[in-house]
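Working notes, structure below.
Each reported figure results from applying straightforward, stated rules to the coordinates on display, with no laboratory input. Quick caveat: nothing in here was measured; it's all calculated off a predicted structure. Note that each Cβ is placed from the backbone with ideal geometry, even for glycine, and that neighbours are counted across all protein chains shown.
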Amino acid sequence: MSNIIVIAEARSGSLKKTSLEAVTAGKELAAKAGGQVIAIIVGNDLSAAKEALAASGADKVIALQSEALAQYSGDGYSAAISGELASLDPACVLMAHSAMGRDLAPRLAANLKTGLISDVTALHYDDSKFGATKPVFAGKAYRKSYFEKSPFMATLRPNNWAGQSDAGSAEVSDASPSVSAADLKAIVQEVVAAASDRTPLQEARVVVSGGRGLKESEHFKLIEDLAAAFGPGVAAVGASRAVVDAGWRPHREQVGQTGKVVAPTLYFACGISGAIQHLAGMSTSQFIVAINKDANAPIFKVANYGIVGDVFEVLPALTAAVKATV
Amino acid sequence: MIEIPAFLHWFALLAQGPGRAAAPTLQLVIKVMDIVVCVKRVAATDSQIKIAADGKSLDPAGIEFVLNPYDEIAVEAALAAKEQFGDSTVTVVTLGSADAQKELRTCLAMGADKAVLINDGGRSQDAFSTAETVADYLKGTAASLIFCGKQAVDGDESQFPPRLAELLGMPCVTEITSLTLEDGSLVAERDIEGAREVVNCSLPAVISTNKGLNEPRYANLKGIMAAKKKPLEEIEAAAIDPATSIESLSLPPARSEGKIVETVDQLVDALKNEAKVL
C-alpha cells in the first residue's frame, strides 16, 4: 500500500501549526486513496515537535535527527528526506506552503522527477488521480489540475485545513540521516526574530492597512493605533503598494499581487482606493471594512461595510470604539 | 571566484562536449563569472483576468504582457553582481514563445549582455517541464550564479528556482531581501514567518529575489538602442511533457456589494452584532 507523506516543520524546537494542518489534509486524502499518513520531521532538538506530531492524527512519525541539520539547509534537508522517501513508497507528499515549504518542496519534487502544485486550497482524488486547486494571478482566478506522474505533491495554503492536537498517539521512530555538516552548501546561519509585539501579517486575525489617503508616512501611527486597539497578537499592519513604493512602509507589509496575500477574519482598508493589485491580495478576507473619502473608490465594491469619510476623523474614533469593545 | 585563472574556464568549455566547445570565442574564455537570469513574460499585475473559451487558460485579449516584476529585481541583482565582479557576462534566459523576445529585449535594455529564448512555440508548461527544460540548457553552460524572481505573478508557483538548483546540483537561497556576494560564497537574508533568516551559501548557486532587495533600474534610451544590437539567441525547446494537466481555470465568486454606514458607531455596531467579529 502506498503512503501519504507529510513533511512537517519545526521552528526553535516546536512544531509549526501549519504542519498539523498538513497532517489533516493528508488524512483527508488517505480516506479516499488509502494508505497510511506518515509524518517526517527534520532537525536536531525534536522532542516537543515529535510529541505534537504523534497527536496530530498521523499513523506514523519519523524523526530525522542530526546535529548537522539543526539549522535549515535546503540542499541538506532535501538530501535527508529524499533518502528516507525511497523506502516509504510515497503516493503523495504534502507540506505547508510556508517559507520552508516553498524552498524545500520544489527541490524534493525535482529530485523525485515529479510535479508539484503549490499553495493549494483544495485537494482532489477522482478516478484514481490526485489533483489540487490553487489560486493563480494572486487569487484573481483558481486553477484545478490533475497529476500525470507519481508521487503527487502539493504545498498547502495556511488556514485551509484544521490541525488537530489530540488525535491519538502515533508510533514515533528515529532515524539518522547520512548528511554531514561538510555536505551542506546553503545553511541558515542565524534566525533574527521580529519584534515580539508584531503579529505576522498572514497569520493575523485582523489586518489594518493604510494607503495614500494617509498623506504622510507619519500618519501611519493612526493605522498602528487601530491595530494595537485589538490587543496584543491580534492585528497586523498592512500597506498598499503605493505607500511601500514611496518608502513609507517596509515591503514586508505590502498587501497585494507583488506583496502578501492575506485572508484575515477582518480587514480594514484605510485610505486605499483599491487598485486591482491590492484587491487580489485581500479580497478573500471574511469581512472587509473600507474607509475612504472618495465614494467611487473601487475598494467599496468588495467591502462589506464602508464609511465615506476622512481617515483622519474616522480612524481615531474607530480606535477609541474598538478599545472600548474588545 | 575572481581569482580563478582564465585557463580553467577554457577547460570547462572543453568539458561541455563537442557542440559547445567546437568554437569557443576568445571573449568567452576570459569571462570569469557567467551570471544567468531566468525570466518570464507574464500578464501585468493590473490585468483584469478573463478565462479563454477552452475553460483552462487565460484569454489574452486586451492583456498587457510584461517582464515578471520579481524578475526585474533578479536582473538588477545580476547587473549589480557584474558591476561588483567586473569581467562577467549577464545572460537572460526564458522559456516561451517568440512573443517573449520583447521581455528579453527589456532585460538587454536594462544592461544584460545577451539573451536566450528557448522557444516552445507557446505550448503549455508546468513547473516540472519548465525547470527540466531550462536545466538541460544550463547544464551546457558555465553558469555559476543564477538569479530568478521568487515567483512568476501568473501561476504564483514559486517552484522554479529550487527545482533548477536541485537539477543542477546547486544550493539555492529563495526570496532574498539582501545579498552580499563574496569570492566563492554569499550571505543573503530572507523573510520567513515572523522572522528573518541569514543564510550562508557557497557558489555556484541559484538565488530567488524578493521585493525589497533592490530598486530595478529603468532602461534608458541609450540602453534601448543598444539592446537592439545585442545577441538574442533562439533555440528549440526539448519536448518534455508537463507532470500536471489543467482541468479548469475559473474566476472566484464575486463578493456581494456591502453597505455604506454613516458613523463609526454604526460600523462598530455592525461588526459586533451583524458580522460578529468584534
(request) Could you give log10 I(q)/I(0) at q = 0.18, 0.20, 0.23 Å⁻¹ for segment B:186-278, computed by the Debye formula over C-alpha point scatterers of equal weight, without solvent? (result) -1.06, -1.07, -1.12
(request) Determine the equivalent ellipsoid of segment A:151-289 by diagonalising the alpha-carbon gyration tensor, then write out the semi-axes as square roots of 5 times the eigenvalues, largest first, rounded to whole Å. (result) 35, 20, 16
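Per residue and in cubic angstrom, what volume does the convex hull of the Cα atoms of chain A have? All intermediate terms of the calculation are to be shown ahead of the outcome.
Numbers: hull volume 46.5 nm³, N = 326.
Expressed per residue, the convex hull around the Cα atoms of chain A is 143 Å³.
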(message) Given the -39500 (n - 2.57) contribution per DSSP H run of 4+ residues, what per-residue ellipticity at 222 nm results for chain A, rounded to the nearest 500 deg cm²/dmol?
(response) -8000 deg cm²/dmol
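Rank by packing, highest mean first: peptides B:61-68, A:202-209, A:15-22, A:265-272, with packing defined as the count of other Cβ atoms within 10 Å averaged across residues.
On the way: B:61-68: 16.2, A:202-209: 22.9, A:15-22: 24.5, A:265-272: 26.1.
Packing order, densest peptide first, comes out as A:265-272, A:15-22, A:202-209, B:61-68.
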(request) Measure nothing fancy, just the Cα-based angle from helix A:99-111's long axis to the longest principal axis of chain A, in degrees from 0 to 90, nearest 10. (result) 40 degrees
(request) Any chance you could give the angle, 0 to 90 degrees and rounded to 10, that helix B:69-85 forms with the longest Cα principal axis of chain B? (result) 30 degrees
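Stokes-Einstein at 4 °C, 1.567 mPa s, Kirkwood radius from Cα pairs: D for chain B in µm² s⁻¹? All intermediate terms of the calculation are to be shown ahead of the outcome.
Values: Rh = 20.7 Å.
Rounded, D is 62 µm²/s.
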(request) Evaluate peptide A:315-324: per residue, the Cβ atoms of other protein chains within 10 Å of its Cβ; return the mean as an integer. (result) 3
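Cα convex hull of segment B:46-90: mean projected area in nm², to one decimal? Can you show the working numbers first?
Working: hull surface 18.1 nm².
Approximately 4.5 nm², given one-decimal rounding.
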(request) Run down the aspartates and glutamates and flag those whose C-alpha is under 18 Å from the C-alpha of A:K301, throwing out any fewer than 8 positions away in its chain. (result) B:D46, B:E257, B:E262
(message) Under 16 Å between alpha carbons, and skipping anything fewer than 8 positions from B:K211 in its own chain: which lysines qualify?
(response) A:K260, B:K150
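What number does segment B:74-162 give for Rg over Rh if you use C-alpha atoms and the Kirkwood radius?
Details: Rg = 13.1 Å, Rh = 13.9 Å.
Here Rg/Rh amounts to 0.95.
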(request) Round to the nearest 0.05 the FRET efficiency obtained for B:E274 and A:S12 when R0 = 56 Å and r is the Cβ-Cβ distance. (result) 0.90
(message) Quick check on the protein assembly as shown: what does the Kirkwood estimate of hydrodynamic radius come out to from the alpha carbon pairs, in Å?
(response) 25.2 Å
(request) Could you state the orientation-averaged shadow area of the convex hull built on the Cα atoms of segment A:3-183, in nm² to one decimal? (result) 9.5 nm²
(request) Working from the alpha-carbon coordinates of segment A:227-270, get Rg over Rh, Rh being the Kirkwood radius. (result) 0.97
